[in-house]
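First comes the structure, then the notes that go with it.
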Amino acid sequence: MVLSVHEKVKSERLYKAFDLMAAKDLDGAETELHAGLSDAEAQEDKVLAALFYSSLGVLYKIKKEFPKAWKFYEKAEKLLPEDPALKLISARLLIDVFGQFDTAIRRCQKVLDISRSDPPFLHQANVTMGLAYLKKGERAKAVQCLVEGMKDDFEGLLS
């Protein structure tokens with residue numbers, strides 16, 4: 001795929017922000033992400049805005065500012081309500097940080113509903129849901145989800 005100059009500028013801003021995060025320059029990354037988000041909103045590009053919101057979620061997760069991370073993930077998910085990746089990211093945060101297992105399970109179930117022909121998303125949804133059930137203490141349901149995640153000996157997964 002060949003990117004236009006405008007698309008390259010957009011992706012460069014994201015790459016720069018992630019490079020800054022890797023270099024532990026979190027303030028610089030935050031500045032870059034907010035600037036990119038402003039551009040995306042000005043252009044009314046909801047996909048790009050969702051990507052910047054999600055990236056801000058990553059940043060705040062790194063900073064261990066989990067309520068802020070949640071806020072940005074939620075904004076991304078509202079812009080792209082049918083995106084399974086955003087639902088899985090949110091589900092993991094709900095499980096790992098907030099202990100909201102039932103809400104995470106509902107998000108995973110939604111991924112299963114919208115990703116019926118996408119083995120990687122089906123696998124991740126089942127495994128994430130299994131983790132939520134395990135943390136709830138429902139071991140039988142957890143095992144059932146994990147077995148479903150290994151369905152057909154991982155057929156359809158590239159790696």
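Structural remarks
- At R0 = 35 Å, FRET efficiency that the Cβ-Cβ distance of PHE18 and ALA140 yields, to 0.05: 0.30
- Over all other residues within a Cβ to Cβ distance under 11 Å of TYR60, the charged ones net out to +3, with Lys and Arg as +1 and Asp and Glu as -1.
- Near ALA142, once Lys and Arg are set to +1 and Asp and Glu to -1 for all other residues with Cβ below 10 Å from its Cβ, the sum equals +3.
- Our helix-only sum for the chain, with -39,500 (n - 2.57) per DSSP H run of n ≥ 4 divided by its residues, gives a mean residue ellipticity at 222 nm of -25000 deg cm²/dmol.
- Surface exposure of segment 3-159, expressed per residue as accessible area with a 1.4 Å probe, stands at 58 Å².
- Across segment 80-96, coupling constants 3J(HN,Hα) worked out from phi with the 6.51/-1.76/1.60 Karplus curve, θ = phi - 60°, read 10, x, 9, 7, x, 4, 5, 5, 5, 4, 4, 4, 5, 5, 4, 6, 6 Hz, and Gly and Pro carry x.
- Heavy atoms of ASP102 accessible to a 1.4 Å probe, total area in Å² rounded to 10: 80 Å²
- Neighbour net charge for VAL97 - beta-carbon separation under 11 angstrom, K R +1, D E -1: +1
- Taking trypsin sites (Lys or Arg not before Pro) as exposed when their DSSP state is a loop state and no more than 12 other Cβ atoms lie within 10 Å, the longest site-free interval of the chain runs over 65-115.
- For the chain, the share of accessible area belonging to carbon and sulfur comes to 56 percent (1.4 Å probe, ligands and nucleic acids excluded).
- Once P(r) over Cα pairs in 5 Å bins from 0, in percent is calculated for the structure shown, the corresponding label among (1) 1, 8, 14, 16, 15, 12, 10, 8, 6, 5, 3, 1, 0, 0, 0; (2) 2, 10, 16, 17, 17, 15, 13, 7, 3, 1, 0; (3) 2, 8, 15, 19, 22, 17, 9, 5, 3, 1, 0, 0 turns out to be (2).
The values are calculated or read from the model by the stated rules, or taken from the named source; none is laboratory data. Computed from a predicted model, the values in this text were never measured in an experiment. All Cβ positions, glycine included, derive from the backbone under ideal geometry; neighbour counts span all protein chains shown. For accessibility, only protein heavy atoms count, side chains too; no ligands or nucleic acids. Shrake-Rupley method; radii C 1.70, N 1.55, O 1.52, S 1.80 Å.
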